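Peer 1: One structure is given below, represented as structure tokens, and several questions about it will come after.
The values are calculated or read from the model by the stated rules, or taken from the named source; none is laboratory data. Keep in mind it's a predicted model, so treat the numbers as computed, not measured. Note: ideal-geometry Cβ built from the backbone for every residue, glycine included; neighbour counts use all protein chains shown.
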Amino acid sequence: MPWDVMVGGRGTVRPVSPGWSSPLGVGPLWQGGFMGHVDAQGGAGQRRDGTLEGPTLAALRDDAAADLPTTAALRHALHRVPERGLYLPLTQRLVLDALADLDLEVATGRALSSVTAVLRGARPGPAVLLRGDMDALPVTEQTGEPFSSQHAGVMHACGHDLHVAGLVGAARLLAARREELAGSVVLMFQPGEEGDHGARLMIEEGVLDAAGSRVVGAYGVHVMSSTLPVGVVASRPGPLMAASDQVRVTVEGRGGHGSKPYLAADPVPVAAEIVLALQTMVTRQFDVFDPVVVTVGRVEAGTKENVIPDLAHLDATVRTFSPATHAAAPERIARLCEHVAAAHGMRATVDYQRGYPVTVNDAVEVDRARRLTRAMYGAQGWHEAEVPVPGAEDFSYVLQEVPGAFVFVGATPAGLDPADAPYNHSPRARFADDALVPSSAVLAALALDRLAQG
Ligand SMILES: [Zn+2]
């Protein structure tokens, strides 16, 4: 996730109550009568309605915990050799090696160094997709971890090393349960999440149909080095993360002497008027309960106080939280900029660049994630996020095509307070290995549960 504005703001996954503790290995395991009736007519490990039974989930949870030395070792190996962008040969090699003995159908990408692996169940059924992003950030690591980055100026500061290792862990759990699997699981190891649209490229290369039919559910996790205690899984139905777009506005005037503006066409006050008019526009033209954030972060014009320039430039970021506002924003912003300039006899050109779309969770799939997480880790293992976060994520492209759920997993290291531990993208962001356990277990449980449904 490009995390720049996600953390620290009003919209973060906030409600971390003082006294919250990790759900890993503590607390009652089965709450809400989960261990109730076992249906003799269901398939192995399933109830009659297709959902997983308690013992199946308990075994998943325990096997994920027992596999932690393996997944943590992989995570550390990945962390030492972080790579950026769409071409990640060392990371890809580690993924391929980790999957080598699992009897999967493995393919690598053409436009990017992705890995798509299909795990076939013993019984026929539909296909589901599990995703882990692979890329790192241009950050110089300052964590002091013994497995710190060996690549100058590059760091897994957003925890994508845990996503890869957690997905391998899920694959190991599922491969050991091939007899219980009614269908296929597509494992999507994706480069280029940090701004390179890697998920979109993998969709274009066919990842959603890799098993031979379109996947019927898609799931992914994102770890957080703060704001959530380690092991807590958090999400919400509907919009979970924002769409993020960029706008560059150029106001074209006519330069001249600062003492005689009436002989020139001054773009500077027009640009200033546009900055303010944008703020008015978002509050007048968009539903207050479906907000739009426009921030003009860069203003550039002129060279000297007594010289009227030809041009003025504005750069803005636009965050939206629904497909409706995402669709409407470009035209409304362009219209405003162009007409404010026209009112002064000038011209404004607007270059509107789409970033990632809104990440929208399917309500039924979030219900599934909530139920499975609570069954494995108790009520304290799940946190219902009250509001979306204004960061963006390219798993949104997958969720535009397939119903699914994206969840956050707390990875705040022991001894740090989730309220003020260094955030994702910080050179000091540390992620607890223990977050690998629920990452693997929840992903595997989601796949098994969805496939059990048929
Ligand atoms: Zn990320």
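Peer 1: With the structure loaded, tell me whether ASP417 is within 23 Å of LEU137 (Cβ to Cβ) and of a type in the set (Asp, Glu) or whether it fails that test. If you could, list the steps in order and put the result at the bottom.
Peer 2: Details: within 23 Å of LEU137 (Cβ to Cβ): no; of a type in the set (Asp, Glu): yes.
So ASP417 does not fit the description; no.
Peer 1: Turning to a different aspect of this structure: Residue by residue through the range 395-427, note down the ones that are among the charged types (D, E, K, R) and not in a loop (DSSP other than H, G, I, E, B). Show your work before the answer.
Peer 2: Taking the range 395-427 as the starting set, the residues that turn out to be among the charged types (D, E, K, R) are 401, 417, 420.
If the condition is that a residue be among the charged types (D, E, K, R) and not in a loop (DSSP other than H, G, I, E, B), then GLU401 is the only one that fits.
Peer 1: Which of the numbered conditions does ALA211 fail, given that it passes all the others? Conditions: (1) among the hydrophobic types (A, V, I, L, M, F, W, C); (2) buried (at least 24 other Cβ atoms within 10 Å of the Cβ); (3) within 24 Å of THR116 (Cβ to Cβ).
Peer 2: Of the numbered conditions (1) among the hydrophobic types (A, V, I, L, M, F, W, C); (2) buried (at least 24 other Cβ atoms within 10 Å of the Cβ); (3) within 24 Å of THR116 (Cβ to Cβ), the odd one out for ALA211 is (2).
Peer 1: Looking for whichever is in the same structural domain as LEU436 (by TED's automatic domain parsing), more than 16 Å from the ligand (Cβ to nearest atom) and farther than 21 Å from GLY355 by Cα here; the options are SER213, SER225. Which one fits?
Peer 2: Working: SER225 fails: more than 16 Å from the ligand (Cβ to nearest atom).
That would be SER213, the only listed residue that is in the same structural domain as LEU436 (by TED's automatic domain parsing), more than 16 Å from the ligand (Cβ to nearest atom) and farther than 21 Å from GLY355 by Cα.
Peer 1: Let me ask you something else. Answer yes if at least one residue in the range 190-198 is within 12 Å of the ligand (Cβ to nearest atom), surrounded by fewer than 24 Cβ atoms within 10 Å (Cβ to Cβ) and within 17 Å of SER225 (Cβ to Cβ), and no otherwise.
Peer 2: yes
Peer 1: Shifting gears a bit: Of these, ALA369, ALA392, which one is modelled with pLDDT of 95 or more and either under 29 Å from ASP133 (Cα atoms) or not in a strand (DSSP E or B) (or both)?
Peer 2: Working: ALA392 fails: modelled with pLDDT of 95 or more.
Going through ALA369, ALA392 in turn, the sole match is ALA369.
Peer 1: If you scan the range 143-200, which residues turn out to be more than 18 Å from the chain's Cα centre (by Cα) and of a type in the set (Lys, Arg)?
Peer 2: Those that are more than 18 Å from the chain's Cα centre (by Cα) and of a type in the set (Lys, Arg): ARG172, ARG177, ARG178.
Peer 1: In addition: Any chance you could count how many residues in the range 126-148 are in a strand (DSSP E or B), farther than 12 Å from ARG84 by Cβ and among the hydrophobic types (A, V, I, L, M, F, W, C)?
Peer 2: So the count comes out to 4.
Peer 1: Criterion first (in contact with a helix residue (DSSP H, G or I) (Cβ under 9 Å, 6 or more places away or on another chain), touching a residue at least 12 places away in the same chain (Cβ under 8 Å), within 12 Å of the ligand (Cβ to nearest atom) and within 18 Å of VAL442 (Cβ to Cβ)) does HIS156 satisfy it? Write out each step before concluding.
Peer 2: Numbers: in contact with a helix residue (DSSP H, G or I) (Cβ under 9 Å, 6 or more places away or on another chain): yes; touching a residue at least 12 places away in the same chain (Cβ under 8 Å): yes; within 12 Å of the ligand (Cβ to nearest atom): yes; within 18 Å of VAL442 (Cβ to Cβ): no.
In short, no.
Peer 1: Can you confirm whether the range 399-420 contains a residue that is without any contact (Cβ under 8 Å) to a residue 24 or more places away in the chain, assigned by TED's automatic domain parsing to the domain that holds ILE203 and surrounded by fewer than 23 Cβ atoms within 10 Å (Cβ to Cβ)?
Peer 2: Going residue by residue through the range 399-420, those that are without any contact (Cβ under 8 Å) to a residue 24 or more places away in the chain are 415, 417.
Adding the requirement that they be assigned by TED's automatic domain parsing to the domain that holds ILE203 leaves 415, 417.
Then drop every residue that is not surrounded by fewer than 23 Cβ atoms within 10 Å (Cβ to Cβ), which leaves 415, 417.
Yes, the conditions are met somewhere in the range 399-420.
Peer 1: Test of understanding: among LEU167, LEU174, which residue is touching a helix residue (DSSP H, G or I) at 6+ places or on another chain (Cβ under 9 Å), within 15 Å of the ligand (Cβ to nearest atom) and in a helix (DSSP H, G or I)? Can you show your working first?
Peer 2: Numbers: LEU174 fails: within 15 Å of the ligand (Cβ to nearest atom).
Criteria check complete, one pass: LEU167.
Peer 1: Tell me, which residue of the range 126-148 that is away from the ligand (no atom under 16 Å from the Cβ) and more than 20 Å from PRO427 (Cβ to Cβ) is surrounded by the fewest Cβ atoms within 10 Å (Cβ to Cβ)?
Peer 2: PRO126
Peer 1: Keeping to the range 83-125, report how many residues are outside any loop (DSSP other than H, G, I, E, B) and more than 27 Å from ASN424 (Cα to Cα).
Peer 2: We begin by selecting, within the range 83-125, every residue outside any loop (DSSP other than H, G, I, E, B); these are 89-99, 105-108, 115-120, 123-125.
If we keep only those that are more than 27 Å from ASN424 (Cα to Cα) too, we end up with 97, 99, 105-108, 117-120, 123-125.
Residues flagged as outside any loop (DSSP other than H, G, I, E, B) and more than 27 Å from ASN424 (Cα to Cα) within the range 83-125 amount to 13.
Peer 1: OK, next. Given the condition surrounded by 15 or more Cβ atoms within 10 Å (Cβ to Cβ) and part of a loop (DSSP other than H, G, I, E, B), answer yes or no: does some residue in the range 327-343 qualify? It would help to see each step written out before you state the result.
Peer 2: First pass over the range 327-343, keeping only residues surrounded by 15 or more Cβ atoms within 10 Å (Cβ to Cβ): 328-330, 332-334, 336-338, 340-341.
Restricting the remaining residues to those that are part of a loop (DSSP other than H, G, I, E, B) gives none.
Checked against the condition, which is being surrounded by 15 or more Cβ atoms within 10 Å (Cβ to Cβ) and part of a loop (DSSP other than H, G, I, E, B), the range 327-343 yields no hits at all.
Peer 1: Here are some residues: THR116, THR108. Which one is without any contact (Cβ under 8 Å) to a residue 60 or more places away in the chain and among the hydroxyl-bearing types (Ser, Thr, Tyr)? Can you show your working first?
Peer 2: Working: THR116 fails: without any contact (Cβ under 8 Å) to a residue 60 or more places away in the chain.
Every option except THR108 fails the conditions.
Peer 1: Just the residues that are buried (at least 24 other Cβ atoms within 10 Å of the Cβ) and not small (Gly, Ala, Ser), please, taken from the range 368-398.
Peer 2: The answer is LEU372, THR373, MET376, TYR377, HIS383, VAL389, GLU393, ASP394, PHE395, VAL398.
Peer 1: Ok, one more. Spot the failing condition for GLU386; the list is (1) more than 16 Å from the ligand (Cβ to nearest atom); (2) over 30 Å from PRO323 (Cβ atoms), and only one is missed.
Peer 2: Exception for GLU386: condition (2).
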